Amino acid sequence: MAVLDEPPHEFRPDQPGTADYHDLHREPLPRCPAGCVRHPVASSDRTTRRAVTATAGFLVPVTHRDAALSQLTRPTEERRRAGDEHRLLTMVQMAGVLVLAAGVPAAADGDYLAVTAGYLVMRLGLVSQWLRAGVEDRARRRTAVRYATGIGVMQVGWVARLVLAEAGALSAIGQPLSFVGLAVAELAVPRWAERPGPTNWHPHHIAERYGLFTIILLGESVLAAITGVRGALESAAIGGSFVTIAVCGLVLLFALWWLYFLEPAGEGLADRRRRSYLWGYGHYGIFAALAVLGAGLEVALPTGVFLVLLWLVTVPLVPRPVVRVVLSCATVVLLLPLAAPFTGVAPVVAGIAASCALLVAYTIASARNRFA
């Protein structure tokens, strides 16, 4: 999560958080796992697809934590001179991401070698970035070193888990427990690292990074829909139910996109910086839900999870959130599949899309009344 482990940079309230060309060359970083994970999910059987998506639900957000590394505190000219080093380290991270994403299908069968190796390469690049931050930002050097130390120790833990699993020293219960334990410890690193002092991250920049990754995941859903339509056209399997599901799926994606960007998070993060942990960690579930939705495994459950988590991360940042009836909408979405045995799949998907579209209409009307 970029909110939690981003090397410090200068934050000026009068300066928007938009990216410059030093940021833009990092954009392929979150795109790599999102695309690589989707293809094996779409082509494997249902059981394997669920396992792959469950793994990707954790790995993709973790990968995105490295996608929003901002400029370090330094003048513009000095930052340009350091650009080559920054690019090289980013390329190292991208190489690790590719190895990690390619290893997700094998991880579904219990083989974590490629995933662990890719994650190690990726995180070593991040450790180097934090050490650079510690050298160049004396005021936050201790925080940067603690970040580098914590991330490095966690990599030792992941490698040790792999070695023990390969040697048969971990039982069938010990393997998932060790995975969960290391994941929780990994999430705790930012809180421990920032005890000496917080990093000076830019709230608008962070909100933009998370928004861009959300768009990437929604775009993967659109690409999956295009692939499905193309396959149906080639097999002449176009029918009324197919058209209904395709159209309603597109409406659903548009509605989720609209709802996510309805409340700008930058201002809320600037005013309530201490609540950034809840906002950032909540996006793990949001990203995982969008990944499952894009893979076409489920519709109701990921949509409901997305709506609930969006509400949870928005309420602490916005005094009077527009998305106030989202929980009622999420309840309807989660209950609609119960009608599938009687109505079929197409009406259920249409009902889910209609519920989210009505929620969008309600939020638009509420916003207009609020600012009238």
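Evaluate the range 259-272: report whether one residue or more is of a type outside the set (S, T, Y), assigned to a loop (DSSP other than H, G, I, E, B) and more than 23 Å from S328 (Cα to Cα). Give the derivation first.
Step one: filter the range 259-272 for residues of a type outside the set (S, T, Y), giving 259, 261-272.
Now narrow it down to the ones that are assigned to a loop (DSSP other than H, G, I, E, B): 261-264, 272.
If we keep only those that are more than 23 Å from S328 (Cα to Cα) too, we end up with 272.
Yes: one or more hits.
When you look at F213, is it in contact with a Pro (Cβ under 8 Å, 6 or more places away or on another chain) and not aliphatic (A, V, I, L, M), yes or no? Walk me through how you get there before you give the answer.
Working: in contact with a Pro (Cβ under 8 Å, 6 or more places away or on another chain): yes; not aliphatic (A, V, I, L, M): yes.
Here the answer is yes, as F213 does meet what is asked.
Within the range 98-128, the set of residues being over 21 Å from the mean Cα position of the chain (by Cα) and under 29 Å from E194 (Cα atoms) comprises just one member, S128.
Suppose we filter V163, V189 for residues that are of a type in the set (V, I, T), in a helix (DSSP H, G or I) and farther than 15 Å from A144 by Cα; which single one remains?
None of the other options fit; the residue is V163.
Would you point out which residue out of L131, L212 is in contact (Cβ under 8 Å) with a residue 60 or more places away in the chain and of a type outside the set (F, W, Y)? Going through L131, L212 in turn, the sole match is L212. The condition of being of a type in the set (S, T, N, Q), under 20 Å from V184 (Cβ atoms) and either assigned to a helix (DSSP H, G or I) or in contact (Cβ under 8 Å) with a residue 24 or more places away in the chain (or both) holds for only one of T116, T143, that being T116.
For the range 165-203, enumerate the residues that are without any contact (Cβ under 8 Å) to a residue 12 or more places away in the chain and either under 25 Å from V121 (Cβ atoms) or not small (G, A, S) (or both).
A167, A169, L170, I173, P176, L177, V180, G181, V184, A188
Bear in mind these aren't lab numbers, they're just calculated from the coordinates by the rules spelled out. None of these values were measured; they are calculated from a predicted model. A quick note on method: Cβ atoms are made from the backbone with ideal geometry, for glycine too, and the neighbour counts reach across all protein chains shown.
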